[in-house]
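> Structure provided below as structure tokens; questions to follow.
The values are calculated or read from the model by the stated rules, or taken from the named source; none is laboratory data. Please read all numbers here as calculations on a predicted model, not as lab measurements. Every residue, glycine as well, gets a Cβ built from its backbone with ideal geometry; the counts of neighbours run over all protein chains shown. What goes into the accessible areas is simple: the full protein's heavy atoms, side chains included, and nothing from ligands, DNA or RNA. Shrake-Rupley method; radii C 1.70, N 1.55, O 1.52, S 1.80 Å.
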Amino acid sequence: GAVGVVHLDYGSTVEITPEPLNSFYLVQIPQTGTARIVHGGAEIRSDRAQASVLSPDAPSTMTWFSGNPQLCIYLDRRLVESALAGLLGQSDAPADPIAFSLGMPLGSAPARSWLATVECLRAELETGRRDGSAPISLDHADALGWSVATQLLETHTHNYTAALLAQGGAPAGTVKRAIA
């Protein structure tokens, strides 16, 4: 679907210089060790206390040091744009691309809540592989993916954060649909 969770470990220090992501956002959460991330003119050292959030349109250069396995969360660009439109009570995607701040501190209560939702999605995606049961349905995965995208928008700073704060949170219709 529009979301993916991948555990990735290169096993040694690697330099990564991908093309701009274009169609997706990528949150990289080191499980141990550190990484140096340069993205869109910003630079951070990412570790267990600070994830990196890559936006689709900016170039990146990364150094994942040895001993730096990461949990990577892929979010389709259209999913994130649709989630933002819903939070803003709009029917169309935002006019300007959503650009997240590169460093995402993981110690706050909202960030820990977001991580718990990511963990729920990861566990659901893996369930069918471990016990032989049917894999998660696409509808179920999409609903959890929507929650991951919405929480990321509400938790981590981006160029639409002020608009969300000015609105005072999610519109009542969004809350009613989420509860339903």
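> On the basis of being at pLDDT below 85 and at positive phi, does Gly132 make the cut?
It is true that Gly132 is at pLDDT below 85 and at positive phi.
> Tell me yes or no: at least one residue of region 111-127 is open to solvent by less than 60 Å² (accessible area, probe 1.4 Å), in a loop (DSSP other than H, G, I, E, B) and either among the hydroxyl-bearing types (Ser, Thr, Tyr) or modelled with pLDDT of 90 or more (or both).
no
> Please work out which residue is farthest from the chain's Cα centre (by Cα), limiting yourself to region 8-23 and to residues that are hydroxyl-bearing (Ser, Thr, Tyr) and exposed (fewer than 11 other Cβ atoms within 10 Å of the Cβ).
Applying the filter and picking the extreme gives Ser12.
> If I ask for residues that are within 20 Å of His158 (Cα to Cα) and among the β-branched types (Val, Ile, Thr), which ones from region 1-54 would you list?
Listed by number, the residues that qualify are Val3, Val27, Ile29, Ile37, Val38, Ile44, Val53.
> Here is a further query. Hey, does region 36-49 have a residue that's in contact (Cβ under 8 Å) with a residue 40 or more places away in the chain, open to solvent by 60 Å² or more (accessible area, probe 1.4 Å), touching a Gly at 6+ places or on another chain (Cβ under 7 Å) and under 27 Å from Ala109 (Cα atoms)?
To start, the set of residues in region 36-49 that are in contact (Cβ under 8 Å) with a residue 40 or more places away in the chain comprises 37, 39-40, 42-44, 46, 48-49.
Okay, now just the ones that are also open to solvent by 60 Å² or more (accessible area, probe 1.4 Å), so 43, 48-49.
Pick out the ones that are also touching a Gly at 6+ places or on another chain (Cβ under 7 Å) and you get 49.
Next, from what is left, pick out any that are under 27 Å from Ala109 (Cα atoms): 49.
Among the residues of region 36-49, at least one is in contact (Cβ under 8 Å) with a residue 40 or more places away in the chain, open to solvent by 60 Å² or more (accessible area, probe 1.4 Å), touching a Gly at 6+ places or on another chain (Cβ under 7 Å) and under 27 Å from Ala109 (Cα atoms), which makes the answer yes.
> Take Thr150 and decide whether it is on the phi < 0 side of the Ramachandran plot and either open to solvent by 30 Å² or more (accessible area, probe 1.4 Å) or under 12 Å from the mean Cα position of the chain (by Cα) (or both).
Yes.
> Taking region 82-106 as the search range and keeping residues that are within 16 Å of the chain's Cα centre (by Cα) and not hydrophobic (A, V, I, L, M, F, W, C), which one is most open to solvent (accessible area, probe 1.4 Å)?
If we take residues in region 82-106 being within 16 Å of the chain's Cα centre (by Cα) and not hydrophobic (A, V, I, L, M, F, W, C), then Pro105 is most open to solvent (accessible area, probe 1.4 Å).
> Filter region 56-67 down to residues that are surrounded by 15 or more Cβ atoms within 10 Å (Cβ to Cβ) and not polar (S, T, N, Q) and give me whichever is nearest to Ala2 (Cα to Cα).
Pro56
> Next question. Take region 68-81 and flag every residue that is open to solvent by 40 Å² or more (accessible area, probe 1.4 Å) and under 18 Å from His7 (Cα atoms). Please lay out each step first, then the result.
So the first thing to find is which residues in region 68-81 are open to solvent by 40 Å² or more (accessible area, probe 1.4 Å), and the list is 74, 77-78.
Of everything in region 68-81, just one residue is open to solvent by 40 Å² or more (accessible area, probe 1.4 Å) and under 18 Å from His7 (Cα atoms), namely Tyr74.
> Output the residues belonging to region 58-77 that are at pLDDT 95 or above and not in a strand (DSSP E or B).
Matches in region 58-77: Phe65, Ser66, Gly67, Asn68, Pro69, Arg77.
> Which of the following residues is open to solvent by less than 50 Å² (accessible area, probe 1.4 Å), closer than 23 Å to Ala143 by Cα, at pLDDT below 95 and assigned to a strand (DSSP E or B): Val53, Val5, Val27?
Val5 is the lone residue from the list that is open to solvent by less than 50 Å² (accessible area, probe 1.4 Å), closer than 23 Å to Ala143 by Cα, at pLDDT below 95 and assigned to a strand (DSSP E or B).
Yes or no, residue by residue, for (1) over 18 Å from Val3 (Cα atoms); (2) without any contact (Cβ under 8 Å) to a residue 12 or more places away in the chain:
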| residue | (1), (2) |
| --- | --- |
| Ala83 | no, no |
| Gly86 | no, no |
| Ile98 | no, no |
| Pro110 | yes, no |
| Trp114 | no, no |
| Glu119 | no, yes |
| Ile136 | no, no |
| Gly145 | no, no |
| Ala163 | yes, no |
